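Presented below is the structure to which this report refers.
The values are calculated or read from the model by the stated rules, or taken from the named source; none is laboratory data. Since this is a predicted model, take the numbers as computed values, not measurements. Positions of Cβ are backbone-derived with ideal geometry, glycine not excepted, and every protein chain shown enters the neighbour counts.
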Amino acid sequence: MLRYILVIVSLLAVITTNALANILPLNGQTTGEISNRLPVLFTPAGYVFSIWSLIYLLLIFWVIGLWRNRFNKDALYERRSLLFIISCVFNIAWIFLWHYEYFLLTVVVMISLLLTLIILYRTYPVHDNRLSSRLPISIYLGWISVATIANISYVLTVYEWSGWGLSDPLWAVIMMTIGAALALHIRFHHFDIAYPAVFIWAFIGIAVRNGFEELLVMTAALFLSAVLLVGIIFIRKKSSSVQ
């Protein structure tokens with residue numbers, strides 16, 4: 001029961017911290033203001049970040065689903081609840097580091113959050129896309145995957161990375177391609193629709209933000225969105241091959 005209470009407190013702490021970070025705002029600047037300070041081509045349009053509202057709502061359903069197993073002392077319940085608490089700690093830590101501009105540390109924490117969610121995601125069986133089970137974690141992981149790439153892109157821009165001679169638009173396309181490949185991998189091997197759908201949401205936002213000013217980035221973002229949509233519709237994996 002104590003573990004479950006900690007899960008609830010952790011989720012409430014994440015929601016509160018993220019809200020206050022923009023309402024106060026923390027260190028005199030909102031999360032978006034910092035993000036928009038530099039022209040990072042991988043960053044999507046502002047409306048895309050409204051996905052956090054959906055993520056929080058789904059995580060509430062996930063916590064409610066966890067309630068059914070609160071009296072079970074099985075290994076899965078213990079592992080999932082602990083991983084979720086750890087993910088909340090990383091989420092909160094990232095907010096403070098971002099707002100106080102410890103950008104290098106934000107990458108470390110973001111990657112730690114990503115790895116924690118990957119481990120949590122893999123505790124669920126393939127085909128488990130229930131609202132109270134893997135689905136919320138899937139969408140959360142999808143967004144953090146996108147956010148990790150955006151975070152790294154931002155930090156590289158802060159430190160004026162040369163890009164090994166490649167242009168910023170080309171690097172944006174490369175990173176989107178890597179993200180699309182990852183999303184298709186998850187779609188096939190985990191029979192997951194929600195995860196690649198998050199990338200489509202983000203890529204369309206990237207196209208909207210860059211527009212015709214960055215035609216290569218916009219075209220690539222829309223093309224990869226179409227590729228992911230085709231993957232969602234047509235990729236299948238036989239049940240007999242599922243482990």
key: Filtered residue count, segment 92-109, keeping only those that are within 11 Å of residue 27 (Cβ to Cβ) and surrounded by 16 or more Cβ atoms within 10 Å (Cβ to Cβ)   = 5
task = Say whether the condition of being in contact (Cβ under 8 Å) with a residue 24 or more places away in the chain, of a type outside the set (D, E, K, R) and surrounded by fewer than 16 Cβ atoms within 10 Å (Cβ to Cβ) is met by at least one residue in segment 162-171.
result = yes
message = Filter segment 128-143 down to the residues that are over 21 Å from residue 95 (Cα atoms) and either surrounded by fewer than 19 Cβ atoms within 10 Å (Cβ to Cβ) or of a type in the set (A, V, I, L, M) (or both) and list them by number.
response = 128, 129, 130, 131, 132, 133, 135
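Looking at 11, 6, 58, 20, which one is over 18 Å from the mean Cα position of the chain (by Cα) and either in contact (Cβ under 8 Å) with a residue 24 or more places away in the chain or within 16 Å of residue 139 (Cα to Cα) (or both)? Spell out the reasoning first.
Working: 11 fails: over 18 Å from the mean Cα position of the chain (by Cα); 58 fails: over 18 Å from the mean Cα position of the chain (by Cα); 20 fails: either in contact (Cβ under 8 Å) with a residue 24 or more places away in the chain or within 16 Å of residue 139 (Cα to Cα) (or both).
Answer to the selection: 6.
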Only listed residue being over 16 Å from the mean Cα position of the chain (by Cα), part of a helix (DSSP H, G or I), of a type outside the set (Gly, Ala, Ser) and farther than 28 Å from residue 36 by Cβ, chosen from 233, 186 = 233
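Return yes or no: is residue 209 among the basic types (Lys, Arg) and modelled with pLDDT of 95 or more? Explain how you work it out, then say what you get.
Working: among the basic types (Lys, Arg): yes; modelled with pLDDT of 95 or more: yes.
Criteria met by residue 209.
Name the single residue, out of those in segment 68-93 being polar (S, T, N, Q) and outside any helix (DSSP H, G or I), that is modelled with the lowest pLDDT.
Of the residues in segment 68-93, the ones polar (S, T, N, Q) are 69, 72, 81, 87, 91.
If we keep only those that are outside any helix (DSSP H, G or I) too, we end up with 69, 72.
Values: 69: 70, 72: 64.
Ranking the qualifying residues of segment 68-93, first place goes to 72.
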task = Identify all residues within segment 23-45 that are surrounded by fewer than 18 Cβ atoms within 10 Å (Cβ to Cβ), touching a helix residue (DSSP H, G or I) at 6+ places or on another chain (Cβ under 6 Å) and in a loop (DSSP other than H, G, I, E, B); write none if there are none.
result = 30, 38, 45
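For (1) touching a Phe, Trp or Tyr at 6+ places or on another chain (Cβ under 7 Å); (2) closer than 28 Å to residue 130 by Cβ, each residue gets a yes or a no:
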{"position": "5", "(1), (2)": "no, yes"}
{"position": "25", "(1), (2)": "no, no"}
{"position": "31", "(1), (2)": "yes, no"}
{"position": "42", "(1), (2)": "no, no"}
{"position": "55", "(1), (2)": "yes, yes"}
{"position": "79", "(1), (2)": "no, yes"}
request  = Would you be able to tell me the number of residues in segment 110-127 that are surrounded by fewer than 19 Cβ atoms within 10 Å (Cβ to Cβ) and part of a loop (DSSP other than H, G, I, E, B)?
outcome  = 5
inquiry  = Residues that are farther than 23 Å from residue 61 by Cβ, surrounded by fewer than 21 Cβ atoms within 10 Å (Cβ to Cβ) and among the polar types (S, T, N, Q): does segment 191-210 have at least one?
reply    = no
